[in-house]
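What follows is calculated from the coordinates using simple rules that are stated; it is not laboratory data. The structure displayed is predicted, hence computed values, not measured ones. All Cβ positions, even for glycine, are placed from backbone atoms using ideal geometry, and neighbour counts span all protein chains on display.
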Amino acid sequence: MSVDAPAVLAARLRAHRLRDPDLPDVAAAVRHLLAVQGQELRPTLYGLDQRLSPGRRGGPALDVLADGRVLRTHVLRPTWHLVGSDDVRWLLELTGPRVGRVMASTEKSWGLGSPDAAIAVVVDLLAGGPRTRDDLAAALVDQGVLAVDAPGIVLTHLLMHAELRRLVVSGPPAGGRHTYARFDDRVPAGYGPLGSSFDRESAVLELWRRYLPGRGYATVKDLAQWSGLTLTELRAGLAVLLDAGEATEVAGTDGLAGLTLVVAADGVGPAGADAARRASTSARPAAGDAPVADLLCAYDEIVCSYGESRGVLADPRAPEPGRVGAFVHTVTIDGLRAARWRWPARVPATGDVDLDVQWQREPTPADLAAVADAAADLTVHLRGRVAG
């Protein structure tokens, strides 16, 4: 069995719920994807909103962060991610040590010492309730743990260490600002799907089981890039799933020649991986169909979930879009990269957002119409958020 790049792209669009979106709320979208890179919070929330059933879109964006269904922390890689509260503890146990080692390589060059004293001050302050970053910084300076002129990245790393030790996690937003809270005040006891205790081999299997359904076809190296785990550990876990019939390996062809891709055994439908291939092939745009534009956050999971096989997003008519100034986000046309866009500075009182786009190829009139439709959708989202 083999699969080509267009079929993989179509399957990924479905798996990510960027086509036929059917998820009930933002928390469900995060759970579906397991973890969602989220340093650009509001664009990330828009990307999650696009994955919801049409009738479920447009609710207040920060509700899921306020009530704790979704938490924001550093996991998988040294960057912010949104994670469901039941998944935070086991994912940090699984990936946190490696994130800490990556951070240490940078911190050594700064001469940054032990974070223990700073973490003790932070945890003590959070016993009184959630605090903003500014609150924590002031307390650390007052206690003589942090220099008043210390670079912001130093405070960031100190707080990241507290997160990795599972002492601190995101609190409810305060006036639209991020806060920190004590980990055990926001995260349920136990290890979610793993039960009351942590087992590393079981965690690797759970990682595979949760990654594949939200990503479609992917390689072992794709998951290694996304999770930060070693190829050896991931291949051992995959072998268990293959033996159990929970996953299938497929040879890549055309733009994916030489790669072996993995797909969940139930694929897009209940008939197995072959049905998944047929379903993904049928999802390709038919000749004459109007193109579909997606306004993707710079770190949307369909962009960041892959390393080795990320080229399926490439448009042969356009060079790889570079980042120019504030144009960090991605426009795809029928799933292929076509342009960059920047988050609007304001929402007009009437009419749609005037979207700033840098095209990487000459757009057709149909492309421009598709982007206009996407800008109208973004406008509705932003107005819904303001109203919420």
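For the chain, the membrane-span-like helices by this rule, meaning whole DSSP H stretches whose C-alpha atoms cover at least 30 Å of axis and whose Kyte-Doolittle mean is 0.0 or above, are 365-387; this says nothing about an actual membrane.
Residues whose amide H comes within less than 5 Å of that of TRP80, counting only those at least five positions distant or on another chain, are GLY38, GLN39 (H built at 1.01 Å from N in the peptide plane).
With a Förster radius of 22 Å applied to the C-beta separation of THR132 and ASP86, the computed FRET efficiency comes to 0.25.
With R₀ fixed at 35 Å, the C-beta to C-beta distance from VAL141 to ASP67 puts the FRET efficiency at about 0.65. Just report the Cα centroid separation between segment 349-371 and segment 129-165, whole Å. Their Cα centres are 42 Å away from one another. Checking (1) 36, 24, 18; (2) 43, 21, 19; (3) 35, 27, 19 against the coordinates, the calculated semi-axes √(5λ) of the Cα gyration tensor in Å falls under label (3).
Shape analysis of segment 62-192 places it in the oblate category; the axes a ≥ b ≥ c from the Cα gyration tensor give an a/c of at least 1.5, with a/b not above b/c. Taking amide H as placed 1.01 Å from N in the peptide plane, the amide H of ALA265 sits under 5 Å from that of ALA247, THR248, each at least 5 places away or on another chain. Taking Lys and Arg as +1 and Asp and Glu as -1, the other residues whose beta-carbon sits under 9 Å from that of ALA293 total -4. Given a Förster distance of 35 angstrom, what is the FRET efficiency for ASP185 paired with ARG209, based on the Cβ-Cβ distance and rounded to 0.05? With a Förster radius of 35 Å, E is 0.75.
Distance between the modelled labels on ALA239 and ALA326, one decimal in nanometres: 5.2 nm (7 Å Cα→Cβ projection). For the chain, leaving out every one of the trypsin sites (Lys or Arg not before Pro) that falls in a DSSP loop and has at most 12 other Cβ atoms within 10 Å, the longest unbroken run is 1-316. Using 14 Å as the cut-off for backbone N distance, which residues of segment 213-249 belong to the label zone defined by a point 7 Å from the Cα of MET1 along Cα→Cβ? So the set is 216-218, 242-249. Distance between the modelled labels on THR106 and VAL380, one decimal in nanometres: 3.9 nm (7 Å Cα→Cβ projection). Since only VAL99, VAL148, ALA239 are under comparison, the one whose Cα sits farthest along the positive direction of the charge dipole of the chain, derived from C-beta charges on Lys, Arg, Asp and Glu, is VAL148.
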